[in-house]
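Down below is the structure, laid out as structure tokens.
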Amino acid sequence: MEIPKDLQHKIATSLTRRHFFSRTSTGLGAAALASLLPPAALAGDDDVAATNRGAALDRLHFPAKAKRVIYLFMSGGPSQMDMWDYKPKLNEENGKELPDSVRKGQRLSTMSGNQSSLPLAGSIFKFDKHGENGTWVSELLPHTAKIVDDLCVVKSMHTEAINHDPAITFFQTGSQIAGRPSIGAWMAYGLGSINENLPSFCVLVTKGKGGQPLYSRLWGSGFLNSTHQGVQLRAAKDPVLYLSNPPGISAASRRAMLDGLESIHQQQYEQSLDPTVADRIAQYEMAFRMQTSVPEVADVSDEPEHIFDLYGPDSKTPGTFAANCLLARRLVERDVRFVQLFHRGWDQHDNLPGGIRGQCRETDQPCAALIEDLKQRGMLKDTLVIWGGEFGRTAYSQGKLTADNYGRDHHPRCFTMWMAGGGSRPGIVHGKTDPYSYNILDNPVHVHDFHATVLRLLGVDHEQLTYKFQGRRYRLTDVHGKVVKSLLA
């Protein structure tokens, strides 16, 4: 017997969550109203993740130490033995061949794999101990050295990827293959938003820097709803593309247009049950609110002079790394959940001494200033700051080695990252590498372990933050990863 169409429709709507909006009294209008309410209006107790708008998690799995994240991504692969991993034996054996007992047959990239010689290259930069823990820091980082007691330095990071694109994609999405949600998107999906008028995930890219290309998929939402993707703020008159009203269109006209669109989308949703329709109207509403909030947060004219002095002279030039660090502080101050900064140019296959000096000159003071600024505002305790690239560099020189010049190839076997604040353990150095900074001797930390640890600081069990797609439940850490408890305060 054929089931009548009206009964088919009734059965379908009772079986799918897609019809949720149409079953409420005001449909998408109710969703739009909920998005405008302050988080406190939706709040339960402090342990409930649903106190944040749009959170997928009903409840945090652990007490959260961090509420916000600023991720300073150094694209290209900073050289660990020239900045953090002091290796005097490299200098003692400068020019000698990389021992086979150290390489252990590990693969090399195609850029140095065909070299007839792999001469060890000691760092030409001086190192000194700093802080109460006596952490070794290069002369390249005089400002960061002053705040080293606030840092949790991890010298035993490792990854499988040896080329830039898969390595960066791995750090940003938990997979070397493009298409997965970015780490910021996972945070926005799982934990929701703690602000009303700004995206929960914002991206800042240093202007005018060459180097390995960066793609918007690195801050994309993958198979998650598009509302979770990162929003890039640019150093321009309009920080967000297509946000401003066209000439002749007033705020009242735009509001009327959005109200009309909502009515049309409501009808479309009832007919198609397509959840992307709800996503679309939510993005329109957020864009409307951002017309006021984005210009306000991007206008740094209200910052006192001593703050510009703290971040350095570049902080007054929009789009520089220093200016982006200051803007990142302003964003998290307004409770943006996840802010990602990208700074390119660390891929130094040749002329490393000259190149890394310039990179550190651009980033050292702003990084230290960001930590100091957050700390003096009482925000470092619940804001996690992360610094690092996609892999490290080789102990041997790529190309010709001279007394004052050398290059280094990609090295995934060991490299250095650091964290500060947000419940990370300050003033420690985790992990140990061999005398050549080639292999890890103690306490290795894989990319998945790092992601699991970051999620733990945010109160999330990495194994329980999942999303079902094409018949499989995905997570940021894939099917791997363990929390590195010694990194937690």
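Nothing in this text is a laboratory measurement; each read-out follows from the coordinates by a stated rule. These numbers come from a predicted model, not from an experiment. Counting neighbours? That spans all protein chains shown, and the Cβs are built from the backbone with ideal geometry, glycine included.
Observations
- Segment 167-253: C-alpha gyration tensor shape, a/c 1.5 cut-off, then a/b vs b/c: oblate
- Cross-link partners of K155 among aspartates and glutamates (Cα-Cα below 20 Å; sequence separation of 8 or more within a chain): D82, D85, D128, E132, E139, D347, D364, E390, D409, D434, D442, D449
- Segment 339-489, Rg to Rh (Cα coordinates; Rh as Kirkwood inverse mean 1/r): 1.01
- Take every Cα pair under 8 Å whose residues are at least 6 apart in sequence, average their separation, divide by the length of the chain, and the relative contact order is 27 percent.
- Just so you know, the averaged projected area of the alpha carbon convex hull for segment 125-218 sits at 9.3 nm².
- In this structure, the pairs whose alpha-carbon distance is over 24 Å, taken from K87/K129; K89/K146; K146/K207; K146/K209, are K89/K146; K146/K207; K146/K209.
- Inter-part distance, segment 68-118 to segment 263-326, computed on C-alpha centroids, equals 39 Å.
- Degrees between helix 251-272 axis and first principal axis of the chain (Cα, 0 to 90, nearest 10): 80 degrees
- Gyration tensor verdict on the chain (Cα atoms; rounded if a/c is under 1.5, prolate if a/b is larger than b/c, oblate otherwise): prolate
- The charge dipole of the chain, taken about its Cα centre with unit charges on the Cβ atoms of Lys, Arg (+1), Asp and Glu (-1) only, comes to about 780 debye.
- Between the residues V102, F125, S138, the greatest Cα displacement towards the positive end of the dipole of segment 71-141, with unit charges on the Cβ of Lys, Arg, Asp and Glu, is found for V102.
- Counted by neighbouring Cβ atoms within 10 Å, the residues R68, R234, R456, R344 run from fewest to most as R234, R344, R456, R68.
- Look at the dipole of the chain built from charges on Cβ: of Q267, V483, A395, the Cα furthest out on the positive end belongs to Q267.
- Lysines whose Cα lies under 21 Å from that of K65, excluding same-chain neighbours fewer than 8 positions away: K375, K381, K482, K485
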